[in-house]
1. Identify all residues within the range 569-580 that are in contact with a Phe, Trp or Tyr (Cβ under 7 Å, 6 or more places away or on another chain) and open to solvent by 20 Å² or more (accessible area, probe 1.4 Å); write none if there are none.
2. How many of the residues in the range 240-255 are open to solvent by 50 Å² or more (accessible area, probe 1.4 Å) and either within 44 Å of the chain's Cα centre (by Cα) or farther than 12 Å from Ile271 by Cα (or both)?
3. So Ile56 ticks every box in (1) of a type outside the set (Gly, Ala, Ser); (2) assigned to a strand (DSSP E or B); (3) farther than 30 Å from His590 by Cβ but one. Which box is left unticked?
4. Here are some conditions: (1) within 28 Å of Asp569 (Cβ to Cβ); (2) modelled with pLDDT of 95 or more; (3) not in a helix (DSSP H, G or I). Phe707 meets all but one. Which one does it not meet?
5. When only residues in the range 68-77 that are in a helix (DSSP H, G or I) and either out of contact with any Asp or Glu (no Cβ under 9 Å at 6 or more places or on another chain) or farther than 21 Å from Lys553 by Cβ (or both) count, which is modelled with the lowest pLDDT?
6. Pairs, please: C-beta under 8 Å, at least 6 apart or cross-chain, first residue closer than 19 Å to Ile226 by Cα and in the range 256-275, second exposed (fewer than 14 other Cβ atoms within 10 Å of the Cβ)?
7. Please count how many residues of the range 324-352 are open to solvent by less than 30 Å² (accessible area, probe 1.4 Å) and modelled with pLDDT of 85 or more.
8. Looking only at the range 639-666, which residues are over 28 Å from the mean Cα position of the chain (by Cα), open to solvent by less than 40 Å² (accessible area, probe 1.4 Å), over 12 Å from Pro619 (Cα atoms) and at pLDDT 95 or above?
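The values are calculated or read from the model by the stated rules, or taken from the named source; none is laboratory data. Just so it is clear, the model here is predicted, and its values are computed rather than measured. Backbone-built Cβ (ideal geometry, glycine too); neighbour counts: all protein chains shown. In case anyone asks, the SASA skips ligands and DNA or RNA and just uses the protein heavy atoms, side chains included. Shrake-Rupley method; radii C 1.70, N 1.55, O 1.52, S 1.80 Å.
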Amino acid sequence: LQTLKSSGIDVDDKLKQWRVVDDDDDSMRNDYFGHDFTQVGGPIDPDVCTLDEDQIHSLLRKRTRLQRARSFRDADGIRDELRRSGVKIDDKSKQWRADGILADGTKIMGRSPRIVATGSSDDGTFDNPFYGNGRDPTRYAGVMNRYGHVYREVGAQIMDESVVKLPRSEIHNLLRERMVAKRAHDFGKADEILNKLRDNGVEVDDRLKEWRADVLNEHGHDYTYIGEPFETMNMTLTEEEVHSLIRERIKCKRERNFEKAELIQKRLWSIGVEQDDKQKLWTTFRHSKTENSTSTRGFSPRRNDSTTRMSSPSPKMKDCKTIEEAIAMSMEDPEQLTTRRVSAFWAVAPRLLDEYIQRTEHDQVPASNQLAKILSITIGNIESFSPRELSTTTLGLARITKKVGRGNYHGKAFPEGSPHEKLHKILLDPEMKHHIFRKIANATMRVLPEFDARCLANLCYAYAIADYLPKIDDGSALFDHLAEQSIPLLGTFKSQELSNMLWAYAHLGASHSDLFQEAGDAIDSLDRLGLFTGQALSNIVWSYATMKERHSKLFLKVANYVLSLANLDKFRAQTLSNIVWAYASVDFTHPLLFKRVADYIVSLEDLSEFRAQHLSNIPWAFATAKESHPKLFEKIAETAIERQNEFNSQGVANLVWAYASNGQVDERLFSSLAPSAEKLLGSCNSQELGNVAWAYSAANVSAPSVFNDAFINVCLAKEDEFRTESLSQLHQWQLWQEESKSDVGLPLSLRNKCYKSFISQRIENSAVQDDVISVLSSIGLRPEVEKLTERGYRLDALVDVNGKKIAVEVDGPFHFVGRKPAGKTILKHRQVSNLEEIRVTSVPYWEWDELGMDSGKKQMYLRLLLDLF
């Protein structure tokens, strides 16, 4: 990479793109500032950004140098410093801005080094309402208002001084102080402030980020009655008794006695009184066998209809044992089907459909038609759904989509006319699937400000398991809007919710760097990760690695947590596999973590829980991270030999590549996998073909059943798909055939193509290499530097000693796994020696480092190495 950069070639690993940088091309290179970022937006806003333009360019320039030197942790630190200072950078577009404008056009109103509860004006406004710099506990991820907090006032906004005993400015000061306390994890103080606000007539909703202090009605609460006149409803309680219960319930909620508040709500429901806490409404209804009341056609409205009761819950839907029972409960009176009831139906439908298909005797068609009708009614009225109902319904439909997507049940086709066949035709039809899930996306936008953490996580997860990345009617991506809604609420996400949301973004490939960075900061700020399951932690780091999002503090936090555990029993095979894969993929070095995982796997009685994919991914991760653990490789090899027929083409390629790359060759493993490799040749992609060919070459294990005319034909068929690395691997395989005196070989045209790719790969000289060459010259030798051999290998130095050619290879850290030569080092030394007839000597980097600055010792070391005595 350094050679490419210094040669004027820019490589983007995330986008898998490269281009030649023209000195005159300002879009890719800014020689004046020394980095390749371009400023966009308006001028720097000093109220938002604490840096001047020169400081920004200096940090960008330093970060660019660190990235090119692969010092990603330090580069991440500079990125975080820029973000904290009010500079938004986009690595994908190579742009930066500091004008305080967010992606949705919102203007940030200001920024200060820290948020304090002082310095406000008489009306409570605050000069610096954005989050602070450094690790100050007052840092907040959301955009704040001019009062220095994130709560907006709702309600009538007319305060009665006899009820609300605080001026509006004091309310804002208390809200700001409470937010600061929460961010500092001083929850005792935050609760004390909340109680003070409530005692003075101010209600705060943390989920919706709202506060209200408007006038209570004559009944001493803020709920408004809708519906038929109370006296005509023949209730068992008087109206005053109902008001008394509503007041008591409000008091219980203020005192956080939620259990008693729920009991009061159930009592009100039992007598025919329902409350809508969001709309601050209450109404009455008559209980009936169907639990429905008169209404217009379609769903009973949840809002704005004084002639009908609000949506009724379906307390018994979860207890249904069959899909027919659930359909009957939903369709007793289609005219009165409520949004809450239909969402409850879709919540249980996936489970009940599993039960349905296991039964042998049932009438298929009626259930199918009724299901289709419920689905039609659902989508037709989806804009009436609340956030909870939307997320629940979407999750149910997504789970069904996943279940029926296979088109069969345990290998058996769905019965003709069955609900599964019907839903398969509907939900798997591209146009219908697009119509259904896009309509849900548009409905989501109508109530998105009302979504809480649970609803956001469930909706993201639903779209992921449905394998559908939605856009709304204006062409924007729903997941971008969900991310913007989620970022200010990250502190309210439960561990599983946060894991599911990040996994959904990664599964769908929905990029949103701000979300990942803010989520990483939120996890890093936690004292411990004990509330996260092993699966949740695994999914989180897997998501970051999949999206190529680096967050060094998060990865360090997770690694240290794993090391702090007494044992790893909370981690299953898949979670262990995903964790080491993620760390290897993002090039995050942590030897202790890898050793802990390896030791745990070795301690297991057997690896029966590990699937073939895990057995190949784990060695791949260790080899990629250049971590050695012979006992782990031995244990996995034993299991892989026993289960050799379970591996697919990727599994075989990853497994043999890992063992060969780590220099830990097990001939039994390579021989046992040869039949599988032979069968899977046709399904291998170009990268897998290259890896298999290189691995057997490096391991030097003969496999004539794999490498024959059939292999050559497959390579020719995929010739245009091979990239430089795979072509180079094929070149070394061709040299191996020459070593083995085999008659099998690539056609001349492809062979030349491979050779050109192999010699095109050059590595920039290291300081150690230059030093060794200098010492060789000082002892009277005339080394040929970077000597290109006939077979295409480049030798660090070639010297003539008493008429014999000797190669001096200066082997740095990347040539070893621990202190043992890596597979590529072994292969190079062997083929140069066997084919070029050149003796190869190695100067390991640590041996040279131990000589220090003593030139005499260095000369003596090389004389001994080259037998000059």
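1. Here is the first cut: in the range 569-580, the ones in contact with a Phe, Trp or Tyr (Cβ under 7 Å, 6 or more places away or on another chain) are 573, 578, 580.
The answer is Asn578, and nothing else.
2. Looking only at the range 240-255, we keep the residues that are open to solvent by 50 Å² or more (accessible area, probe 1.4 Å), and these are 240-241, 244, 247-248, 251, 253-255.
Checking which are either within 44 Å of the chain's Cα centre (by Cα) or farther than 12 Å from Ile271 by Cα (or both) leaves us with 240, 244, 247-248, 251, 253-255.
Residues meeting the conditions: 8.
3. (2)
4. Failing condition for Phe707: (1).
5. So the first thing to find is which residues in the range 68-77 are in a helix (DSSP H, G or I), and the list is 68, 72-77.
Restricting the remaining residues to those that are either out of contact with any Asp or Glu (no Cβ under 9 Å at 6 or more places or on another chain) or farther than 21 Å from Lys553 by Cβ (or both) gives 68, 73-77.
Details: Arg68: 77, Arg73: 80, Asp74: 83, Ala75: 86, Asp76: 84, Gly77: 85.
Restricting to residues being in a helix (DSSP H, G or I) and either out of contact with any Asp or Glu (no Cβ under 9 Å at 6 or more places or on another chain) or farther than 21 Å from Lys553 by Cβ (or both), the top hit is Arg68.
6. Ile271/Thr236; Gly272/His287
7. Residues flagged as open to solvent by less than 30 Å² (accessible area, probe 1.4 Å) and modelled with pLDDT of 85 or more within the range 324-352 amount to 13.
8. Thr639, Ile641 - these are the residues of the range 639-666 that are over 28 Å from the mean Cα position of the chain (by Cα), open to solvent by less than 40 Å² (accessible area, probe 1.4 Å), over 12 Å from Pro619 (Cα atoms) and at pLDDT 95 or above.
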